[in-house]
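Asker: Below is a structure I'd like to ask you about.
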Amino acid sequence: QVQLVELGGGLVQAGASLRLSCAASGRTISSYSMAWFRQAPGKERDFVATIGWSGSISYANSVKGRFTISRDNAKNTVYLQMNSLKPEDTAVYYCAANRGRATMEPGEYDYWGQGTQVTVSS
């Protein structure tokens with residue numbers, strides 16, 4: 001079992017930056033693909049970014065160039081640096097872990113955190 005805890009959400013103005021962290025426990029995540037998803041009220045959970053166990057990275061088009069995903073296996077932690085935030089980035093952000101390949105499909109992730117709220121005001 002892998003437990004994931006997201007930290008770093010908050011209320012910011014448009015154009016600001018936030019860094020989310022996802023601390024894992026229970027098992028080392030070095031062999032896991034990790035991802036960030038987000039869910040706005042009344043909407044489905046959307047893919048944001050993923051980083052494979054090999055280091056391969058993919059982003060949703062909506063965040064490409066603004067968000068950066070990274071991992072520190074020594075700290076068992078994954079990060080999401082979010083710059084130039086927009087009101088449409090407002091959502092609950094979830095961290096997820098997958099023992100297999102990095103994918104944009106939420107159904108393929110085995111473990112999820114509880115989420116952290118990000119609110120961007122205009």
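The values are calculated or read from the model by the stated rules, or taken from the named source; none is laboratory data. The model shown is predicted, which means the values in this text are computed figures rather than measured ones. For neighbour counting, all protein chains shown are included, and Cβ atoms are generated from backbone atoms with ideal geometry for every residue, glycine included. Just the protein is used for accessible areas: all its heavy atoms, side chains included, with ligands, DNA and RNA removed. Shrake-Rupley method; radii C 1.70, N 1.55, O 1.52, S 1.80 Å.
Asker: In this structure, is Ser56 over 18 Å from Val2 (Cα atoms) and of a type in the set (Ser, Thr, Tyr)?
Answerer: Here the answer is yes, as Ser56 does meet what is asked.
Asker: Please specify each residue of segment 13-38 satisfying the condition of being in contact (Cβ under 8 Å) with a residue 60 or more places away in the chain, in contact with a Phe, Trp or Tyr (Cβ under 7 Å, 6 or more places away or on another chain) and open to solvent by 40 Å² or more (accessible area, probe 1.4 Å). Break it down into steps so the answer makes sense when it comes.
Answerer: To start, the set of residues in segment 13-38 that are in contact (Cβ under 8 Å) with a residue 60 or more places away in the chain comprises 13-20, 22, 24, 29, 31-38.
Restricting the remaining residues to those that are in contact with a Phe, Trp or Tyr (Cβ under 7 Å, 6 or more places away or on another chain) gives 19-20, 31-33, 35-38.
Answer for segment 13-38, where residues must be in contact (Cβ under 8 Å) with a residue 60 or more places away in the chain, in contact with a Phe, Trp or Tyr (Cβ under 7 Å, 6 or more places away or on another chain) and open to solvent by 40 Å² or more (accessible area, probe 1.4 Å): Arg19, Ser31.
Asker: Filter segment 78-112 for residues that are open to solvent by 70 Å² or more (accessible area, probe 1.4 Å) and either assigned to a loop (DSSP other than H, G, I, E, B) or under 14 Å from Val48 (Cβ atoms) (or both); which is modelled with the lowest pLDDT? Quick ask: steps written out before the conclusion?
Answerer: Residues of segment 78-112 open to solvent by 70 Å² or more (accessible area, probe 1.4 Å): 86, 88, 99, 101, 104-105, 107-108, 110, 112.
From what's left, either assigned to a loop (DSSP other than H, G, I, E, B) or under 14 Å from Val48 (Cβ atoms) (or both): 86, 88, 99, 101, 104-105, 110, 112.
Values: Lys86: 98, Glu88: 97, Arg99: 92, Arg101: 88, Met104: 96, Glu105: 95, Asp110: 95, Trp112: 98.
For segment 78-112, the residue satisfying everything is Arg101.
Asker: Another question, if that's okay. Hey, can you tell me all the residues within segment 58-77 that are in contact with a Ser or Thr (Cβ under 6 Å, 6 or more places away or on another chain) and open to solvent by 50 Å² or more (accessible area, probe 1.4 Å)?
Answerer: Hits for segment 58-77 are Ser58, Asn73.
Asker: Kindly check whether there is at least one residue in segment 1-10 that is closer than 16 Å to Leu85 by Cα and open to solvent by 30 Å² or more (accessible area, probe 1.4 Å).
Answerer: From segment 1-10, those closer than 16 Å to Leu85 by Cα are 8-10; that's our starting set.
Narrowing the set further to residues that are open to solvent by 30 Å² or more (accessible area, probe 1.4 Å) leaves 8-9.
For segment 1-10, residues closer than 16 Å to Leu85 by Cα and open to solvent by 30 Å² or more (accessible area, probe 1.4 Å): present.
Asker: Could I ask something else about it? Could we say that Gly115 is open to solvent by less than 40 Å² (accessible area, probe 1.4 Å) and in contact (Cβ under 8 Å) with a residue 40 or more places away in the chain here? I'd like the intermediate steps shown before the answer.
Answerer: Numbers: open to solvent by less than 40 Å² (accessible area, probe 1.4 Å): yes; in contact (Cβ under 8 Å) with a residue 40 or more places away in the chain: yes.
In short, yes.
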